[in-house]
1. I'm trying to understand the selection: among the residues of segment 96-120, which are of a type outside the set (S, T, N, Q) and assigned to a strand (DSSP E or B)?
2. Given the residues VAL139, VAL159, VAL165, which is the only one that is in contact with a helix residue (DSSP H, G or I) (Cβ under 9 Å, 6 or more places away or on another chain), in contact (Cβ under 8 Å) with a residue 40 or more places away in the chain and not assigned by TED's automatic domain parsing to the domain that holds ALA47?
3. Kindly indicate whether any position in segment 278-297 is at pLDDT 95 or above and in contact with a strand residue (DSSP E or B) (Cβ under 8 Å, 6 or more places away or on another chain).
4. Only one of (1) in the same structural domain as ASP283 (by TED's automatic domain parsing); (2) within 30 Å of THR208 (Cα to Cα) is not met by ARG112, so which one is it?
5. Conditions first: (1) part of a strand (DSSP E or B); (2) polar (S, T, N, Q); (3) closer than 19 Å to TYR41 by Cβ. THR235 passes all but one, so which condition is the exception?
6. Which ranges mark the helices (runs of 4 or more DSSP H) fully within segment 175-230 that have 1 or more residues being within 26 Å of ARG285 (Cβ to Cβ)?
7. Here's a check for you: in segment 200-224, which residue that is at pLDDT 95 or above and of a type in the set (D, E, K, R) is nearest to GLU180 (Cα to Cα)?
Amino acid sequence: MKYTKIIGGFVAAAAISLGSAASAADQQFISIGTGGVTGVYYPTGGAICRLVNKSRKEHGIRCAVESTGGSVYNINTIKAGELEFGVAQSDWQYHAYNGTSKFEDNPFPEIRAMFSVHPEPFTLLVRADSGVTKFEELVGKRVNVGNPGSGQRATMEVVMGAFGVTMDDFALATEYKGSEMAKQICDGNIDAMIYTIGHPAAAIKEATTTCDVKLISVNGEGIDKLVEENPYYRTAVIPGGTYAGNPDDTRTFGVGATFVTSADVSDDVAYVVAKAVLANLDDFRGLHPAFANLDAAQMIKDGLSAPLHPGAERAYKELGLMD
């Protein structure tokens, strides 16, 4: 199998021979789309690449991570053939495959699931002096709603719909990326920030250790209805004590981070990536605190709305995880 791909302005021709040694001259390059560098998607991609690259001399695949705008961006860029893999919220995997919500006019029936990763609670963080104790009280406040193309922005819009809140209801709606939010809230430029993210998260830790901020529960009838009507949502709890100054449990809802690809990616490549992670799950769990409780049986089914890539399915059967 021969591939030609432009990487960083250079054309790399790669011949892949799985199961045999591969020299540096005939490696295939794959890229994983993630998210902001202070989120959990970026280290998730890094952890996957680390395990893939560990045995690249045998399979000839070199893995690289890209910091991107997040879930929706990653799915669209995989569809365009500019990324081979990406991390995406479970709800946006569902919508892409089924052609609903933001993907109504841009369906991606060729999206394929690889595995799920960590749970991602919808997280609302406010300045202690903001007076906000529940989501509805964001009206009239300065709120970071997330950058366009991110799963958190898209999920924020869903939550706003559940509470009957519009962008015009905020005194200011900003679009800072994950890596920028903690500084903005601690500098007093915004009153609140939202993040759909696995915990513990660097951006939340940065804010809670730098200034006086509080996690706020996001629950009620509107959220109960979202969870009841949508299979990709679930109730979630951020345990008290996860972050400084927040000793009580925070009740909310969330999605799951999933790892996705396209049917156009070869079975052999998908097989190598899936096996690199699931055959080395103990190592993977140790690469980020959000991975500590991952279970292989759940990873190959939970939150996966698109069909499994045949290459991944082959790996799981070989590992005894599927019949």
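The values are calculated or read from the model by the stated rules, or taken from the named source; none is laboratory data. What you see is a predicted model; the values in this text were computed from it and never measured. So basically every Cβ, Gly included, is an ideal-geometry build from the backbone, and we count neighbours across all protein chains shown.
1. Hits for segment 96-120 are ILE111, ARG112, ALA113, MET114, PHE115, VAL117, HIS118, PRO119, GLU120.
2. Among VAL139, VAL159, VAL165, only VAL159 is in contact with a helix residue (DSSP H, G or I) (Cβ under 9 Å, 6 or more places away or on another chain), in contact (Cβ under 8 Å) with a residue 40 or more places away in the chain and not assigned by TED's automatic domain parsing to the domain that holds ALA47.
3. yes
4. That leaves (2) as the condition not met.
5. Going through (1) part of a strand (DSSP E or B); (2) polar (S, T, N, Q); (3) closer than 19 Å to TYR41 by Cβ one by one, THR235 breaks only (3).
6. 178-186, 202-210
7. Among residues in segment 200-224 that are at pLDDT 95 or above and of a type in the set (D, E, K, R), the one nearest to GLU180 (Cα to Cα) is GLU206.
This table checks each residue for (1) modelled with pLDDT under 90; (2) hydroxyl-bearing (Ser, Thr, Tyr); (3) not assigned by TED's automatic domain parsing to the domain that holds ASP268.
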| site | (1), (2), (3) |
| --- | --- |
| ILE6 | yes, no, no |
| ALA12 | yes, no, no |
| LEU18 | yes, no, no |
| ALA21 | yes, no, no |
| GLN28 | no, no, no |
| THR38 | yes, yes, no |
| PRO43 | no, no, no |
| ARG50 | no, no, no |
| LYS54 | no, no, no |
